[in-house]
Amino acid sequence: MMRRRLAALAVPICVLALSLSACGDDDEPTDASGTPTGETSTAPTTESTEATDATEPTAPSEPTESVSESESTEPTEATDETPEPTTAVPPSDPPTAPPSDPPAPPADPDAPATTYAEAEQRLDDLGQEPVDLDRFETPTGIYCLLSSDFLTGCELAGGGVPDPAVCGNDGPSQNVGRIEFGGGDPEPVCNSDTIREPGAKRLPLDSVARSSTSGITCLAQRVGVTCIDPGRTQGFFLGPDEYHVFSA
């Protein structure tokens, strides 16, 4: 009886052993890190992407060159012409203006007039209405006759201006003491006579007298008298130290 029970027990044990053995074949043992310790597959694993040496390199895209509207895309042709050297022209000196004559100094109103234009301008600059006189005498003694059937002119009170070229060396006078209006230019006279008559009106200095009959006009100054005959455009200056005759 005992042997039968042992035999009966042996069968289930064997079955249990086989069952455990079969379960062991299905599950691979693992190590402490959780990695299976069974056989590993020797087949190479395939990567999701091919190796870089096996893939064909893609050609880089050609960069597009930006061409501005103002630049020409056509290449410029190189010319074989050699540029001619330019000769530097030295700067020329600026033209120099010819020296101009210095301006004439202003006329001295007390200086003797030496031209008709100067005498006429001096009378105009005085700007006063002439006194109507046919004859007059200045404070310095010069006597003038502006209208007469005899002559017209002015005479110094005495003495005269030495002028051998006019008066010579042998005559009643070697000095010019009177200037007369005549048919031509005013004439210096080496006089020994006089044209004076009493009763002539005295003309103040820096005053103008004019004869309404002849039109002769005279300016009395301390240095002398200046007279013009506008009808003949001629005149003279007579003073104790010098005289001048002139015409336009």
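Since every read-out is calculated from the coordinates, none of them should be taken as a lab result. Note that this is a predicted model, so its numbers are computed, not measured. Neighbour counts run over all protein chains shown; Cβ positions are idealised from the backbone, glycine included.
Computed quantities for the displayed model
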quantity: J(HN,Hα) series, the stretch 158-171, from Karplus relation 6.51 cos²θ - 1.76 cosθ + 1.60, nearest Hz, glycine and proline x; calculated: x, x, x, 9, x, 7, x, 5, 9, 8, x, 10, 9, x
quantity: Added length on full extension, which subtracts the Cα-Cα distance from 0.36 nm per residue, Q121 to D241; calculated: 40.9 nm
quantity: Kirkwood-based Rg to Rh ratio, the stretch 103-248, C-alpha trace; calculated: 0.94
quantity: Within the stretch 130-164, chymotrypsin sites (Phe, Trp or Tyr not before Pro) in DSSP loop having at most 12 other beta-carbon neighbours inside 10 Å; calculated: F150
quantity: Spacing of the two label points (7 Å from each Cα toward its C-beta) at D206 and E187, in nm; calculated: 3.7
quantity: Per-residue HN-Hα couplings for the stretch 178-189 [Karplus 6.51, -1.76, 1.60; θ = phi - 60°; Hz; x = Gly/Pro]; calculated: 7, 10, 10, 7, x, x, x, 5, x, 10, x, 10
quantity: Net charge over other residues, Cβ less than 10 angstrom from the Cβ of E180 (K, R count +1; D, E count -1); calculated: -1
quantity: The stretch 134-187 versus the stretch 195-248: alpha-carbon centroid distance in Å; calculated: 11
